[in-house]
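One structure below.
The values are calculated or read from the model by the stated rules, or taken from the named source; none is laboratory data. Please read these numbers as outputs of a predicted model, since none were measured by experiment. No Cβ is skipped: glycine too gets one built from the backbone with ideal geometry, and neighbour counts run over all protein chains shown.
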């Protein structure tokens, strides 16, 4: 069911296998017009970039906004993870992580991370969507100058139990044709202080 629209995005993706090693970083939140060469050039201050892969839609061959960057060794990959995570490319801060980071358990909290939101979605709409789970407040991340939404943010709930119920029931809900993704925030205290969530 689509909450704010009608059509659900079921387009197939052309996926490339992601090696589970310490020399490969997953890069996400890429602007859709970025090419593999653009990304490689942006990382030219870090030596040892061997290959950049951007996942593409199987039919249109357009970027879906994420991919991988492989380095010569683990040391260079760690340096890139530390220095380049959050780098703004085409007005969007990218995210870098190692391929095994998502396997680590994140401690449940009252704060959920929400992503893959349509850019026109507002905090009020998100609060309404999660009404039954007693949300306290919501903060969507925005571009510093234009104040346009970056498509992700955070929601604080009254209790951990409320957040867990929301995660179980609403993860994958379609909002204006896009399936939202929910997860417990990796650093809820830091984001709460910074974003007043």
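Determine if region 101-124 includes at least one residue that is modelled with pLDDT of 90 or more and in a helix (DSSP H, G or I). Within region 101-124 (the criterion being modelled with pLDDT of 90 or more and in a helix (DSSP H, G or I)), the answer is yes, since at least one residue qualifies.
Kindly check whether there is at least one residue in region 118-140 that is under 15 Å from the mean Cα position of the chain (by Cα) and farther than 24 Å from residue 178 by Cα. Within region 118-140, not a single residue is under 15 Å from the mean Cα position of the chain (by Cα) and farther than 24 Å from residue 178 by Cα. Among the residues making up region 142-163, those that are crowded, with 16+ Cβ neighbours inside 10 Å and touching a helix residue (DSSP H, G or I) at 6+ places or on another chain (Cβ under 9 Å) are 153, 154, 155, 156, 157, 162, 163. Taken over region 37-59, residues that are within 19 Å of residue 86 (Cα to Cα) and surrounded by 15 or more Cβ atoms within 10 Å (Cβ to Cβ) amount to 9.
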